[in-house]
Amino acid sequence: MSPLPSSGSSSRVTAMNNARVILSCVMLLLLAPIGSGCSRNLPRLSPPQLEAINHNMRGIKAEARGNHELALEEFGESLRMNGALDNTEGMIVALVNISRVNRRGGDTKAAQEAIDRAVELVAPASDIFPEVAFEKSSVAMQANNLPVAQDWALKAVSTAADGRKAAATNLLARILHRERQSDAARTQAEQALSLSRTNNQPEEEANALRLLGSVHREAKRATEALDAYRKALDLDKSLGKSRQIAADLRGIADTYASVGKDRDAVSFYRRAQSVSQNGGDRVAAAEDLLRLAQLHEKMGEKERSLQLMEERETLLQQAHER
Amino acid sequence: MIKEEDVRFKHLEKKIGLFAAVAILGALAVVLFIGADKDLLTPKYKLKFTTEKGTGFAKGMPVKLSGFRIGRVKSISLNEQAMVDIEMEIDKKYQKWIKSDSTARLVKEGLVGDSIVEISVGSAKARVLKNGDTINFEKSKGLEEVANDIAEKVKPVLMEVKEIISYVNDPNGDIKQSLGNIKVLTRQLQDTREKVDELLVSSRDNVGTVTKSSVDLLNNTNAKVSALGPTLEKVDRSMTNLEKSLPPLLQKVDASMDHLEKTTLQLQKTSEKAMPRVPKLMNKAEDVMEGADTVMNAVKDMWPFKNHVPPAEQRQFVPGDSHE
């Protein structure tokens, strides 16, 4: 058994502990200014500047939650505040974000207006020029103005930093693919695939693979197409991207349908439709139902085909009501 | 020396001189007469215009004003712009009619007559054109162009007429088929009439049978109405019961409504008391939020937190994917 400490020794220990705490506080107070002096010296932003940035950040968060209206409101406020502060860069950022949200919402005209204003303001040597060019190209592609889309995609590719190069190259490849320039599209998609792997960007890697799948399918190389789509599907599943997963499944189904494997095609269209419907993309799901109906009719199952067409009508009606 | 002289040669020089003078005067008179007749001696002035094509113009072509010949085309030449300059010579006495708003037109006298240049009379207030001035030229359509225009206009009409005729003549077309149908219908109408006649004859016999059936039906209906009596009595009893149980139920509802009214009144009073405090509370809450924000911002600027807080970045874009 150890001897119990006497009352005198216990009070000494307490006093020493108190002294340590006080000494630590004094040291902390003395070291704080030194520490702050050693830390980064960033330019201090004024409260209105911070507020404009905060509006932009809140807009990005709202868009991530799928609240387009609130996002547009926040970006609009950011644009207004940056305009009042004569902050051109902040205005361009807000305009690009407004364009992006409108484009995703299907309002191409509003997107065009915003991005055209951004294009007028941005200097070609600016760091944010590649993002403006990327958005301008995307909007032009959505408006089916492919020559303009290609022109701006080339600008985006030539000016983008490493982190965005794969996305810009993929965009260029998509435009070329839509222009039926299969060879050029394939070259660009392979370039994008290589860049995305180097920079460890699985999203863009999957996009490049999906595009290669389409290129191979249209060139009647079914095996290569299925391989590319399956790789893209694996990546998109690991990333949890619903729309992209549905697109991969649709690509596989299209490939099977193109080689006459109708039963396999039906199975994959069904999966694509289920993913789209559960992911909230009713229009894409309705498209899958249409393809399913066409396949069933081709296989002589007319009743099933009619049933699927009715299902599609209901879905489109729901999408319209929303 | 004797100088023999013939009397006939006496004053010969004078006679020749007189004869020559008369001949010259006669020639002059003829020239003057022809000149006056051809307007060669009338004072003239020149007007010009330019046209794209010289087709239809000829040197010496008459120039007319209101149907009267007032001059002629003096010259036709090709200029540097590959256009045709036409110069007209017009009698001075008509100058007062040709103004700055007059126009020259190439027209035909009648359908197959000669081409002439027709000048329109200018307005009273316009300036009179002087020697060497340019007059406006108004291009008029030639016979061929007019015929082409008419042909172009008539062509669709003819096409439509052709289509209508072929439509009418088409044995499988609506009109031919309708006519066939009318023919069939007329034939069928005659059959129908015969059938109707037969029906009328047979219906006369059936009237008696129908009357008897109606009487039976009325007797049956009467029996059913008599059977409905007990059911109506039951309904009557149910209504009496309902009348008895309804007043207490209504009283209960009334009491509940009273309670609800009192509760609402209480709530209203409470709200009235609380409402004026709400804006103050909101202001206070806003102050507290702003204070917290200031403190947080200050803390973010302090070491060691400063190093762990990402700086406010204004170049933040909504993530953009190449697949969108």
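Here are some notes:
- Just one of (1) more than 22 Å from B:His323 (Cβ to Cβ); (2) part of a helix (DSSP H, G or I); (3) among the polar types (S, T, N, Q) fails for A:Asn102. It is (1).
- Any hit, the range A:111-131, residues being in a helix (DSSP H, G or I), in contact with a helix residue (DSSP H, G or I) (Cβ under 8 Å, 6 or more places away or on another chain) and facing chain B (nearest Cβ under 9 Å): yes
- Evaluation of A:Ala143 against (1) out of contact with any helix residue (DSSP H, G or I) (no Cβ under 6 Å at 6 or more places or on another chain); (2) closer than 16 Å to B:Glu324 by Cβ; (3) away from every other protein chain (no Cβ under 12 Å) (one fails), failing number: (1)
- When residues in the range A:63-90 are screened for being assigned to a helix (DSSP H, G or I) and more than 10 Å from chain B (Cβ to nearest Cβ), 14 of them pass.
- Extreme residue, nearest to A:Gly90 (Cα to Cα), among residues of the range B:277-324 that are hydrophobic (A, V, I, L, M, F, W, C) and modelled with pLDDT under 75: B:Ala312
- The single residue among A:Ala293, A:Ala286, A:Ala228 that is modelled with pLDDT of 90 or more and touching a Gly at 6+ places or on another chain (Cβ under 7 Å) turns out to be A:Ala228.
- With respect to (1) of a type in the set (A, V, I, L, M, F, W, C); (2) touching a Leu at 6+ places or on another chain (Cβ under 8 Å); (3) in a helix (DSSP H, G or I), the lone exception for B:Ala151 is condition (2).
- For B:Ile86, the conditions (1) in a strand (DSSP E or B); (2) on the phi > 0 side of the Ramachandran plot are fulfilled apart from (2).
- Within the range B:69-113, considering residues that are of a type outside the set (Gly, Ala, Ser) and free of Cβ contacts under 8 Å to residues at least 24 places away in the same chain, the one farthest from B:Val146 (Cα to Cα): B:Glu80
The values are calculated or read from the model by the stated rules, or taken from the named source; none is laboratory data. None of the values given here were measured: they were computed from a predicted structure. Cβ atoms come from the backbone with ideal geometry, glycine included; neighbour counts cover every protein chain shown.
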